[in-house]
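Data first, discussion second: the structure below is written as structure tokens.
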Amino acid sequence: MDKQNPFNAIRVVECGEGVSAAFGTKLLADLGAEVIKIESPEGDLTRRRGPFPRNQTGQEKSGLFIYLNTNKRGMVADLRTDQGRKVLHTLLKNADVLIHNVTPRERGHYGLDPEELCSSYPQLIATSISIFGDYGPHANYKAYEMNAAHASGWAFLSPGASPCPELPPLKCFGSQLDFQGGAHAAIASLGAYIFRLQSGKGQAVDVSGQECVAAMLEQNFVHYTYAGQQASRLGQRLIGPWFIADCADGKIFVFTVEEDQWKRLVEFMGNPEWAQDELFSDRISRGRNNDALKALMADWLGEWKVLDLYKEAQRRRIPFATINTMQQLHESEHLRERQFFVQHEQPGVGTLVLPGMPSRYSRNHWSIRRPAPRLGEHSSAIASGDTWSHATDDRVSQPSTFLPKAGKQPLSGIRVLDFTWVWAGPYCTLQLAHLGAEVIRVESTKRVCPSRLVGPFPDGKSGVNRAGYFNQYNQGKRSIALDLSRPEGIEIACELVKHADIVADNFAAGVMERLGLGYEKLRSIKPDLIQISMSAFGQTGPFKSFIGYGPPAAALSGLFFGTGYAGGDPCEIGISYPDPNAGVFGAFAVMAALTHRAKTGEGQFIDQSQWETVLVEMAEGLLEYSMTGKEPVRKGNHDSVMAPHDCYKAAGDSEQWVSIAVGSEAEWHSLRQTIGQPGLAKDPRFASAELRKRNEPQLDEIITEWTSHRDRWEMTNLLQGAGVAAFPSMSSKDLTDDPHLKMRGYLVQLEHPEVGRRIHAGIPWKMSASPCSVAKVAPLLGEDTEAVLTSLLKLSKEQIRELHLREITV
């Protein structure tokens, strides 16, 4: 045990099943927290889902379970019984954090009522994860991962730019909604833990999976609230070229955003005559003629081997990306040099290759120290009193001298100097602002953040303070104008660092050093500074200087390869998911570093690769390949085990769909009765879950016959009333109008000086003792320059005026 690691003293209890709670506790366990996992006598669901080693099965051999549960001890307790609840509460007496995903409707039976927990254990942080949150009209609705994907608004947008209205909106590969629930739970739990270090108070934390992902919809949500436009999976790309194409030995993602990238691509192709046509004169025209571009480029692209084309395009600063398979990811020279994959010896299984750490800390405590537990492996020892490694006195201490005094929110008094731009970086600092940090964006009119320059704009009027994109992801922040191309601007930035706790950027590797704002320089100014650099590929490795954007990162990570309709080609996933995902993991890394500093007074540097933060959520695909030698099969909205499990056409236009999933025999019985097909009970094709899966196409036809003539909400209410997981595929308009989200206070509508009252997605967690809220709208460009320079640097109005006249603060 590392005595210098503050996480060793954090005691965590996990219960529930599946991915979300297990992933949230994994993030803490991998940094050193002590986690005890409570399973039902039947064992966690992921034990039965695999992937399993070639020609082997068994509850101790599931790759997903192993990945999610290394570094934990495990015990069995049936929380539906008095004895099981007694075991739970014995552990909670000396625990710091409880993370679970038991549904609101079941919590009373499991001894997990949040109010009772807070009353019984005043220092406990009791974090619950559910699809719809702890309260609201839909809180007791049943939902699986696929239903959540459609409820969040993501699946409605996927696959991007589809030409096929007859095909349903599409869930992304893997368990992305559950991974997000777990990651947000880890962030909020550390926020509550830091608050407890300041105040001595525990609290209940409520994380909604729907809300976690509804905040990630790029410009799509604000396209409706700012411009009245409803984005969907159908239509065409606004800019081009933007498409998936065939190379000689694989698929490539062809993508350019800026005009200079297009010019370099034309030169790369040998300046073909067709490229000078008016059809391709600018990126908007190229977007309208994307199909023609794809056809004209097909022969040239087909001559290349995919990895050669990727590297040569990147050498020319053109942001192409390979549509990576799981094999290509395991063989990646960049990931190997960064030692991303780790070898793990699991008893009874052998050596497994697992995804590694999502962020790299200069004061690193991340490691895999123990195998995932066998079912009930530690039950006897824990029941005999071998519970926590640390004495109780180690757990309760005086308020940290390395934190500001307790405020109303977890990060009250923490200051972030935010050099990030566009989306991934601002999404990280947005989470910190949500937790109460003072976030100061460093901007310049000479290099305006692109998110201020692209729509949607209300009333058709553009302007740097009017963009819905910027205003969504910069709520609660301040803004100063500072020209970092000038030595005087860098000097002021360094002075501001003296007053900062955290510095964040998402520039390419080496940019901050070249500006004179690298970590070694800044730590000499502020020794306890935490600095995070969020680049596309990390600060090291052969790809470190490659250009990165969210859509190419999704291609590189295997998300495109794994997503698609059954028997079809790889598909785009509707949103630039790797961007906000990197922001989430960046926020978690900062919270981990703040936890370390709160106990030790030490700052540190965090190197985060956007690519790697997606790969830690690709475990199902990566492990399927490493354990079986097979690539995952694209299956649309279908599941590897459950059937029926799809998104079905509802009455109305091509945007009306309802997701339905059945995970038990009781749910199957209820579905048969509700759709007026009790005779299906005698149909031998559907006599068991295995047979329903085998005959899924015929089953889907029967269900579609029922759904296609009915309203999606009518069906949702009928099926939910019968205990069947069902939910519409939600558009941005649906989310804006959703009475559930309104009741939970998720939708934020504050007065902005230029755009008025516009609806924005809000905070996806609730805290009982340190409530988080959006304090203010996104800032006007540079609106806080004078206030910040006056309050922090004590500059006079005359000095500030002089800086403005010299165009240092513009």
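The values are calculated or read from the model by the stated rules, or taken from the named source; none is laboratory data. Bear in mind that the values here come from a model prediction, so they are computed numbers and not experimental data. We place every Cβ from the backbone using ideal geometry, glycine too, and count neighbours over all the protein chains shown. Calculation scope for accessible area: heavy atoms of the full protein, side chains included, ligands and nucleic acids excluded. Shrake-Rupley method; radii C 1.70, N 1.55, O 1.52, S 1.80 Å.
The calculated P(r) of region 614-669, using every Cα pair and 10 Å bins from 0, goes 20, 32, 32, 16, 1 in percent. Taking a spot 7 Å from the Cα of E303 along the direction of its beta carbon, which residues of region 265-293 have an amide N less than 12 Å from it? The answer is 268-272, whose backbone nitrogens lie closer than 12 Å to the label point. Net charge of the neighbourhood of Q604, taken over other residues with C-beta under 14 Å away and scored Lys/Arg +1, Asp/Glu -1, is +1.
Of the solvent-accessible surface of the chain, computed with a 1.4 Å probe over protein heavy atoms with every protein chain present, carbon and sulfur atoms account for 50 percent. Rounded to the nearest whole Hz, the Karplus-based 3J(HN,Hα) values (6.51 cos²θ - 1.76 cosθ + 1.60, θ = phi - 60°) of region 534-545 follow the sequence 9, 10, 5, 10, x, 7, 9, x, x, 9, 4, 9, with x at glycine and proline.
With Rg and the Kirkwood Rh both taken from Cα atoms, where does Rg over Rh land for region 228-363? Don't skip to the answer; put the middle values down first.
Numbers: Rg = 19.2 Å, Rh = 17.4 Å.
Rg divided by Rh gives 1.10.
In a reduced charge model with +1 at each Lys and Arg Cβ and -1 at each Asp and Glu Cβ, region 70-217 shows a dipole moment near 420 debye about its Cα centre. Among the GluC sites (Glu not before Pro) in region 199-282, those placed in a DSSP loop whose Cβ has at most 16 other Cβ atoms within 10 Å are E258.
What does the net charge come to around S444 if you take all other residues with beta carbon closer than 12 Å to its beta carbon, with K and R at +1 and D and E at -1?
Working: positive: R441, K446, R447, R452, R486; negative: E443, D483, E807.
Spelling it out: positives minus negatives among the neighbours equals +2.
One quarter of the surface of the convex hull around the alpha-carbon atoms of region 1-106 equals 7.3 nm², the direction-averaged projected area.
Stick to Cα atoms and the Kirkwood definition of Rh, then tell me Rg/Rh for region 619-761. Before the final figure, lay out each step's value.
On the way: Rg = 19.2 Å, Rh = 17.5 Å.
Taking Rh as the inverse mean 1/r over Cα pairs, Rg/Rh reads 1.09.
Solvent exposure of the chain, expressed per residue, is 36 Å² of accessible area, with all protein chains present and a 1.4 angstrom probe.
Global dimensions of the chain from alpha-carbon coordinates: Rg and Dmax equal 25.9, 86 Å. DSSP beta bridges fully contained in the chain are about 40 percent antiparallel.
Rounded to the nearest 20, the Cβ-based charge dipole of the chain about its Cα centre (Lys and Arg +1, Asp and Glu -1) stands at 1420 debye.
Each listed q (0.13, 0.17, 0.24 Å⁻¹) maps to a log10 I(q)/I(0) for region 195-295 from the Debye sum over equal C-alpha point scatterers, namely -0.66, -0.91, -1.27.
Under the convention that each Lys and Arg Cβ holds +1 and each Asp and Glu Cβ holds -1, the size of the dipole of region 630-786 around its Cα centre is about 480 debye.
What the Cα convex hull of region 640-691 gives, in volume per residue, is 88 Å³. Binning the alpha carbon pair distances of region 303-440 at 5 angstrom intervals from zero yields the distribution 2, 6, 8, 9, 12, 13, 13, 13, 11, 7, 3, 2, 1, 0, expressed in whole percent.
Scanning the chain for DSSP H helices at least 24 Å long along the axis (C-alpha atoms) with a Kyte-Doolittle mean no lower than -0.5 picks out 176-199, 578-600.
Placing R0 at 35 angstrom, the Cβ-Cβ distance between L793 and V257 gives a FRET efficiency of 0.45 after rounding to 0.05.
Kirkwood Rh, region 738-810, all Cα pairs: how many Å?
Values: mean 1/r = 0.0651 Å⁻¹.
Here the Kirkwood hydrodynamic radius works out to 15.4 Å.
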